[in-house]
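Chemist: What follows is a structure written as structure tokens; I'll ask about it next.
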Amino acid sequence: MKLDTAVFSVLKDKIQLINMEEGGIYLVGPIRLPVNLEGETVVFQWYSWLKQDEVTDDYEAVIERLSSANLAEYQQSSVLVYGDFEGADEALIRMHSICHTGDIFGSKRCDCGFQLKQSMQRIVDHGAGALFYLANHEGRGIGLFSKAMAYVLQENGYDTVEANEKLGFVDDSRNYEDAIAVLGTLREKPVTLMTNNPKKVDAIEKAGLKIAGRTSIWGDRSEFNENYLKTKVVRSGHLLDEEEEIHAKR
């Protein structure tokens, strides 16, 4: 399909190429995105990105290929940006792994849906930040179908880590390389990371980006996810904040 000149003139300034050691990332945005957050309308700036092995700075050719690329068969990641993310002295970020069951259905088997909404609210309250929504991270990187099988094992006595390992996976196979490249494009100043997972902090620091600090994001504990949260700490090395440590000892 030959792209209309008027259409390309609208799109071209919203696309940028982030070159990687292998291939590159096409980042599109910012796009104004009003969001219903706790009953209030909050306006974020939204970006999405697409990783490609073969890259070109001919953006017109890239757009023309979209209709034949069948991208709906694959997940693409994105980021919600709030406030003056580039220039603010302090900014919060959340690297959030997609969770079909928790984020969409509100599953109580995990705390993902709670963490998603809570991190968005914290970013707004703070005044500047970004939430990275990482599409290839379902089930800590094993995919939705494998996650469903892991849930079957969990219902038969296996914990989260054991279930993944029995299916032939490692505990956590998530990769943050692409998200870190996008983060470095949007902001050069240090960030405070919302996470209980020290592996995320290590990944960002090893990529050469500056971490100003880390803040915990625990909550939504219930009878349905008690073992899941405990396994995060005991088996996967997640860090408890003081309030959660007190709760865990009760």
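Chemist: Just for segment 11-42: of the residues that are aliphatic (A, V, I, L, M) and free of Cβ contacts under 8 Å to residues at least 24 places away in the same chain, which one is nearest to E73 (Cα to Cα)?
Modeler: V28
Chemist: Let me ask something else. Please work out if E21 is assigned to a loop (DSSP other than H, G, I, E, B) and either surrounded by fewer than 11 Cβ atoms within 10 Å (Cβ to Cβ) or among the small types (G, A, S) (or both).
Modeler: The answer is yes for E21.
Chemist: Quick check on segment 56-67. Is at least one of its residues closer than 15 Å to Y133 by Cα and touching a residue at least 40 places away in the same chain (Cβ under 8 Å)?
Modeler: No, every residue in segment 56-67 fails to be closer than 15 Å to Y133 by Cα and touching a residue at least 40 places away in the same chain (Cβ under 8 Å).
Chemist: It is to be established whether one or more residues within segment 106-125 are surrounded by 17 or more Cβ atoms within 10 Å (Cβ to Cβ), touching a residue at least 12 places away in the same chain (Cβ under 8 Å), among the β-branched types (V, I, T) and out of contact with any strand residue (DSSP E or B) (no Cβ under 7 Å at 6 or more places or on another chain).
Modeler: Within segment 106-125, not a single residue is surrounded by 17 or more Cβ atoms within 10 Å (Cβ to Cβ), touching a residue at least 12 places away in the same chain (Cβ under 8 Å), among the β-branched types (V, I, T) and out of contact with any strand residue (DSSP E or B) (no Cβ under 7 Å at 6 or more places or on another chain).
Per-residue answers, yes or no, for (1) under 15 Å from the mean Cα position of the chain (by Cα); (2) at pLDDT 85 or above:
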| position | (1), (2) |
| --- | --- |
| E177 | yes, yes |
| K189 | no, yes |
| K199 | yes, no |
| A212 | no, yes |
| D241 | no, no |
| A248 | no, no |
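Chemist: Could I ask something else about it? Please enumerate the residues belonging to segment 97-108 that are in a helix (DSSP H, G or I) and of a type outside the set (D, E, K, R).
Modeler: Within segment 97-108, H100, T101, G102, I104 meet the criteria.
Chemist: For Q52, work out the one condition from (1) without any contact (Cβ under 8 Å) to a residue 24 or more places away in the chain; (2) surrounded by 10 or more Cβ atoms within 10 Å (Cβ to Cβ) it doesn't fulfil.
Modeler: (1)
Chemist: OK, next. If you take the residues of segment 69-96 that are of a type in the set (A, V, I, L, M) and part of a strand (DSSP E or B), which of them is nearest to H137 (Cα to Cα)?
Modeler: Only one residue tops the list, namely M95.
Chemist: Follow-up. Could you list all residues from segment 87-105 that are surrounded by fewer than 18 Cβ atoms within 10 Å (Cβ to Cβ) and either under 26 Å from K189 (Cα atoms) or among the acidic types (D, E) (or both)?
Modeler: The answer is G87, A88, D89, E90.
Chemist: Is it the case, given these coordinates, that Q45 is surrounded by 11 or more Cβ atoms within 10 Å (Cβ to Cβ) and farther than 30 Å from D125 by Cα?
Modeler: No, not satisfied.
Chemist: Consider segment 62-81. How many of its residues are surrounded by fewer than 17 Cβ atoms within 10 Å (Cβ to Cβ) and at pLDDT 90 or above?
Modeler: Residues that pass the stated criteria total 1.
Chemist: Follow-up. So the check is Cβ under 6 Å with 6+ separation or different chains; which pairs have a first residue in segment 196-211 that's surrounded by 14 or more Cβ atoms within 10 Å (Cβ to Cβ) and a second one that's acidic (D, E)?
Modeler: I211/E205
Chemist: Please tell me if D84 is more than 25 Å from F145 (Cβ to Cβ), exposed (fewer than 13 other Cβ atoms within 10 Å of the Cβ) and not aromatic (F, W, Y).
Modeler: In short, yes.
Chemist: Further, regarding this structure: So which residues in segment 147-181 are of a type in the set (V, I, T) and more than 25 Å from S78 (Cβ to Cβ), if there are any at all?
Modeler: V152, T160, V161, V170
Chemist: Can F8 be described as assigned to a helix (DSSP H, G or I), of a type outside the set (G, A, S) and either at pLDDT 90 or above or out of contact with any Lys or Arg (no Cβ under 7 Å at 6 or more places or on another chain) (or both)?
Modeler: Yes; evaluated as a whole, the condition is true for this residue.
Chemist: Taking the condition at pLDDT below 95 and in contact with a Leu (Cβ under 8 Å, 6 or more places away or on another chain), does V124 pass?
Modeler: no
Chemist: OK, next. Do we have I15 as more than 25 Å from R187 (Cα to Cα) and surrounded by 10 or more Cβ atoms within 10 Å (Cβ to Cβ) here?
Modeler: Considered against the rule, which asks whether it is more than 25 Å from R187 (Cα to Cα) and surrounded by 10 or more Cβ atoms within 10 Å (Cβ to Cβ), I15 comes out as no.
The values are calculated or read from the model by the stated rules, or taken from the named source; none is laboratory data. Bear in mind the structure is a predicted one, so any value in this text is a computation, not a measurement. Using ideal geometry, Cβ is built from the backbone for each residue, glycine included, and neighbour counts are taken over all protein chains shown.
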